[in-house]
Amino acid sequence: LKKPMIAVGGVALNNLKELLHECDGLGLGSTLYKCGKSLQQIRLDLQAIQAEIKKMDA
């Protein structure tokens, strides 16, 4: 029985591909949110992550 592995620390744009190759999922907590960060910046960061993941699927 394989148990899923989810990376929850050290996730960044520059290592998404490597982490998703080894893990079943990612926790994006502090990758997306830090105290004082605007909603607009969170949205932009999330869009960058989504774009990077879409490039991997292509």
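Laboratory data are not the source of any read-out in this text; all were calculated from the coordinates shown. Predicted model only: the values in this text are computed from it and were never measured. Every residue, glycine among them, receives a Cβ derived from its backbone with ideal geometry; neighbour counts consider all protein chains shown.
Observations, loosely collected:
- About the centre of its Cα atoms, the chain shows a dipole size close to 140 debye [charges on the beta carbon of Lys, Arg (+1) and Asp, Glu (-1) only; nearest 20 debye].
- Only one item in (1) 14.1; (2) 12.3; (3) 15.3 matches Kirkwood radius over Cα pairs in Å derived from the coordinates shown, and that item is (2).
- Environment charge of His21, counting only residues whose C-beta is closer than 15 Å and scoring Lys/Arg +1, Asp/Glu -1: -3
- Summing charges over all other residues whose Cβ lies under 14 Å from the Cβ of Asp45, with Lys and Arg as +1 and Asp and Glu as -1, gives +2.
- The protection proxy used here, the mean number of other Cβ atoms lying within 10 Å of each residue, ranks peptides 25-37, 1-13 as follows, highest first: 25-37, 1-13.
- Were the residues from Leu1 through Lys37 laid out at 0.36 nm apart, the gain over their Cα-Cα distance would be 8.9 nm.
- Relative to the dominant Cα principal axis of the chain, helix 39-57 is inclined by about 30°.
- Qualifying lysines (Cα of each under 26 Å from Cα of Lys3; at least 8 residues distant if same chain): Lys17, Lys54
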